[in-house]
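FYI, it's all coordinate maths here, none of it is from the lab. Please read these numbers as outputs of a predicted model, since none were measured by experiment. As a convention, Cβ positions derive from the backbone with ideal geometry for all residues, glycine included, and neighbour counts pool all protein chains shown.
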Amino acid sequence: MRIGNVWMSFWVTLTRILEHAINFIKRSTLKILSMGPIPNHVAFILDGNRRFAKKQKLVKGFGYKFGYIALMFMLKYCYELGVTYVTIYVFSIDNFKRSPQEVDAVMDLILEKVELWIKGEGFVYEYGIRLHFLGDLNLLSEPVREAVDRAMAATKNNNGAVLAICVAYTSTDEIVHAVERACEEKWDEIMNSKRVAVDEHGELKLITLGDVEKHMYAAVTPDPELLIRTSGEARLSNFLLWQTSCCYLYSTSVLWPEVNVCNFMWAILNFQRNHFYLVRKRKELKVVRE
Amino acid sequence: MTVKVELQKIGILGLQLIWHFLHLILSSFYFVVGIATTLESYLISCGLLRKYNHLSIEMVKYLAIVVDSDEAYNTLKIIELLQWLASLGIRSICLYDVEGVLKQSKEIILKKVNNASVFQDITLEFISISDGKEAVAKAANFLLENKFRKTNMSEDHRRRFSESQMTEALKAVGCGGPDPDLMLVYGPIRCHLGFPAWRIPYTEILIFTYGINRFMHLNQRKFYVCNKFSLCLFHSFLQRRELYDL
């Protein structure tokens, strides 16, 4: 009995030592990585939750719960590294075509976690995160939409990092929405002046690129510098198409719930390796556009 | 106090040294990967490695080629690449570079293409960054004008635009076109360099960071080999595309 207790306490001590050692290595590695350029904005496509559930023979919809745990770790690494903006692709408009049970599972999880954040619990409070929900929020159910609005209102004065959550979002829908708003704005301008809007040279005032861009859902954040996609896919899946012109696209074959600090660090290392060229290209694109 | 500051400086210097060492390892890793890739492509071409024998090329209805503007000046290599793609059976190709170098070389490329027998029934499209975001602004103006005409300046009449209307508007301003099934990016970095956003929602993106000019020193056969390998890689992507969709 006594030997058993000694053995047990030995294992507990060993586990604690290992845990501390792993945490120290993680912190040290993040510190080393912070010596190089750090992306100001990282975007994630959280792909592979369903495949993970299938692989682990879990109940449908359970993969998302594991996905949420992985997300918490990823956000922790991002904010510890000094990333200011994080955008995550949670739910596409196309995903509404999935089975009602699956859609409900995701929506229930979103509702549960958002309610938690409103109460000031979890990482949102810890890091002083400001939340933005991007997408056609009218497509969400009433309780989810209300919770989302409350979460944005509750965190609007937070000045730590920013987390943009894309729900009921597709990039093509975002572009259409921005064009629509730009047209409405110009329309109102014309209707109010009762004549076609002209500039100081007497030329017709047309909708400019800036007019469209300011109405994008993602206008609340700068363009991402690094986009991480899991499960080995090599497409953007209608996510931030407009904003990723000069964004480093990193794809890893692991499924989202399996993603870990090593995958994240590898992505950052690859970003740093190409940072100089990215900056150059961004400047070139700006010059060409002007 | 000064000792503490000095120690901090030494600590930061140490971390920077480790950071540089990490990147040295990373560069070495990619160098080895590059050699392995070239070797594998050579073995495939010699028939020693039986891989990618049956490519489902017919799945690629429309192919986009993105080239870094610095490399787009090399018209001969672009034509070589097009010849190779045509010989594989790809019939519709869209060529893109940021500055529109390929657009300017359009006449030269088309002249060479029309002279070669391999280019029968091939469709080429030349686009640049002006066909991307700026085209959306043009389409917005087109939709606005249409809204004026159709609504007869009535303030109350507001309606949502649909994605199909947006596609039509882009076509009307001369910047429309089909969505590529696959995009091959030849450039020193993993990004799509501002290819028109509207056209790539579900496009498979394959990036070859060595760029087109890596083949400068290679003869025709080896150029074909390297490219064959690079295109072969997307076979698995195309298969996966049918199985999963986000």
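With equal scatterers on the alpha carbons only and no solvent term, can you work out the Debye log10 of I(q)/I(0) for chain A at 0.07, 0.09 1/Å?
Reported log10 I(q)/I(0), two decimals: -0.33, -0.53.
What is the spin-label model distance, in nm, from A:S34 to B:H20 if the labels are put 7 Å beyond Cα along the C-beta direction?
2.2 nm
Using the charge dipole of chain A (Lys, Arg: +1 at Cβ; Asp, Glu: -1 at Cβ; taken about the Cα centre), state which of A:L227, A:F133, A:A70 has its Cα farthest towards the positive end.
Checking the options against the dipole of chain A, the answer is A:A70.
Local charge sum around B:Q16 (other residues, Cβ-Cβ under 14 Å, Lys/Arg +1, Asp/Glu -1)?
On the way: positive: A:K31, B:K9; negative: none.
Residues close to B:Q16 contribute a combined charge of +2.
Report the Cα-based extents of region B:1-51 along its three principal axes, largest first, to the nearest Å.
69, 11, 7
How large is the charge dipole for region A:1-151, taken about the Cα centre, if only the Cβ atoms of Lys, Arg (+1) and Asp, Glu (-1) carry charge, to the nearest 20 debye?
I would put it at about 780 debye.
If the cut-off is a Cα-Cα distance under 12 Å, which aspartates and glutamates reach A:K76, setting aside same-chain residues fewer than 8 apart in sequence?
Straight-distance partners of A:K76: A:E126.
Which of the three applies to region A:1-117, rounded, prolate or oblate, going by the alpha-carbon gyration tensor with a ≥ b ≥ c and a/c under 1.5 meaning rounded? Walk me through the intermediate numbers first.
Details: a/c = 2.86, a/b = 1.32, b/c = 2.17.
Oblate, because a/c is 1.5 or more while a/b does not exceed b/c.
With a cut-off of 8 Å between alpha carbons and a minimum separation of six or more residues, what is the relative contact order of chain A in percent?
It comes to 24 percent, rounded to a whole number.
Multiply the residue gap between A:A219 and A:Q101 by 0.36 nm, knock off their C-alpha separation, and tell me the result in nm, one decimal place.
Between A:A219 and A:Q101, full extension yields an extra 39.2 nm.
To the nearest Å, what is the center-to-center distance of region A:228-245 and region A:1-76, using C-alpha atoms only?
Region A:228-245 and region A:1-76 have Cα centres spaced 24 Å from each other.
Starting from the Cα of B:V32, step 7 Å along the direction of its Cβ; do the same at B:V5; then give the gap between the two resulting points in nm.
4.4 nm
Rounded, prolate or oblate: which fits region A:237-288 when a ≥ b ≥ c are the square roots of the eigenvalues of the alpha-carbon gyration tensor, with rounded for a/c under 1.5 and prolate only if a/b beats b/c?
Taking the square roots of the gyration eigenvalues as a ≥ b ≥ c, region A:237-288 is oblate.
Could you tell me the calculated FRET efficiency between B:L48 and A:I22, based on Cβ-Cβ distance and R0 = 35 angstrom, to the nearest 0.05?
It comes to 0.20.
Over 24 Å between Cα atoms, which of A:K286/B:K138; A:K283/B:K133; A:K97/A:K119; A:K55/A:K119; A:K186/B:K103; A:K97/A:K214 qualify?
A:K97/A:K119; A:K55/A:K119; A:K186/B:K103; A:K97/A:K214, as the Cα separations exceed 24 Å there.
Straight-line reach from B:K112: which aspartates and glutamates fall under 14 Å, measuring Cα to Cα and dropping same-chain residues less than 8 apart?
B:E80
Of A:Q272, A:L285, A:S245, which is farthest towards the positive pole of region A:243-290's charge dipole, taken about the Cα centre with +1 and -1 on the beta-carbons of Lys, Arg and Asp, Glu respectively?
Of the options given, the answer is A:L285.
In a shell of Cβ-Cβ distance under 12 Å around A:Y85, excluding A:Y85 itself, what net charge do Lys and Arg (+1) and Asp and Glu (-1) give?
-1
For chain A, what does -39500 (n - 2.57) per DSSP helix run (n ≥ 4), summed and divided by total residues, give at 222 nm, in deg cm²/dmol to the nearest 500?
For chain A, the value works out to -17500 deg cm²/dmol.
Under 16 Å Cα to Cα from A:K54, which aspartates and glutamates show up? Leave out anything in the same chain fewer than 8 places away.
Output for A:K54: A:E102, A:E258, B:D245.
For chain A, which longest stretch is free of loop sites, where a loop site is one of the trypsin sites (Lys or Arg not before Pro) that DSSP puts outside H, G, I, E and B and that has at most 11 other Cβ atoms within 10 Å?
It runs A:196-290.
In nm, to one decimal, how far is the A:L58 label point from the B:Y202 one, both placed 7 Å along Cα→Cβ?
In this crude label model, A:L58 to B:Y202 measures out at 2.6 nm.
Taking 25 Å as R0, compute the FRET efficiency from the Cβ-Cβ separation of B:L76 and A:V287 and round it to 0.05.
Here the calculated transfer efficiency is 0.35.
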